[in-house]
Amino acid sequence: MSMTRELIEIANRHESETGNKLVHLNSMMGVNRYVKDALAIKKTIAPDARVLDLGSGYGHMSYLLSRMGFKVVSMDILPESPYFVNYYNKKYTGEHIDYYCYNILENEKYPVLSNRQFDAILISGVLEHVTDFSLFLTRLKSLLKKNGELFIFRFPNRYSWIEKINDVLLGETIIHPLRFSLKEIHFMLRWHGFRVTECGYEQIFPVNFAGWPNALSYLYHRLDLLLMAVNRMMCRIPVLNKVSTSFWLSCKKSV
């Protein structure tokens, strides 16, 4: 079974057990981007690397990376461990994903981590929500080993056409309060001791139609494979890619 199909089936199991739909994990286009992220990480770091999935949410990236053989620690500010982490720990009893409820902005000593440092840290859809951007990056750096990798996915593009539409539709309810251009995020990362090694644009089309009629959402996702292919092509076209929804970045901790 492909990783994409595997995640969709687990998300469907979650919905049947709880009645709650995991919005970003109920379509092939939504799930495929996380699989793509995990494969990108796999190409970059050693097979036995220790990875911190910070702001792990549903735990789907912790699940994927653990399935790929990495030693994963999952962390978020929610008291209960994520569904995908629980699922993994029950299914693969000989292995385990540690989960910690912790906010790294509240204490720089990280007692729950026992002073461990990581080969890599993943933050996906997290950085734009932190209350102190500068302090957050500083503490991320202290958690990385020498030459450790920081992977950032889903950071909102200041010029995203979807963000602009959401601003108009939602008024004062801002979903992503922090947004940069690619040049600005490069500068901020360098300022805080990270060297960007790779980066790119993500998604031109939305991955879900949350809030839209079910029939329209269903028709939209019937085109997932086509939209995924067109997305990849459009994100490579100069000027057009400037209005993509978000960025991905791979960074090294500066020595």
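The values are calculated or read from the model by the stated rules, or taken from the named source; none is laboratory data. Since the model is a prediction, treat every value here as computed from it, not as a measurement. Every residue, glycine among them, receives a Cβ derived from its backbone with ideal geometry; neighbour counts consider all protein chains shown.
Only one of the listed residues (Ala215, Ala229) is farther than 20 Å from Ser160 by Cβ, loosely packed, with under 15 Cβ neighbours inside 10 Å and either modelled with pLDDT of 90 or more or touching a Lys or Arg at 6+ places or on another chain (Cβ under 6 Å) (or both). That residue is Ala229.
Annotation: of all residues in region 57-74 being among the hydrophobic types (A, V, I, L, M, F, W, C) and closer than 22 Å to Val23 by Cβ, the one that is surrounded by the most Cβ atoms within 10 Å (Cβ to Cβ) is Met61.
No other residue among Arg158, Arg139 is in contact with a Ser or Thr (Cβ under 9 Å, 6 or more places away or on another chain), among the basic types (Lys, Arg) and without any contact (Cβ under 8 Å) to a residue 60 or more places away in the chain apart from Arg158.
Selection of first residues in region 9-37 that are more than 17 Å from Ser62 (Cβ to Cβ) and of second residues that are small (Gly, Ala, Ser) and surrounded by 18 or more Cβ atoms within 10 Å (Cβ to Cβ), restricted to Cβ pairs under 7 Å at least 6 apart or on distinct chains, gives the following pairs, ordered by first then second residue: Asn26/Ala11.
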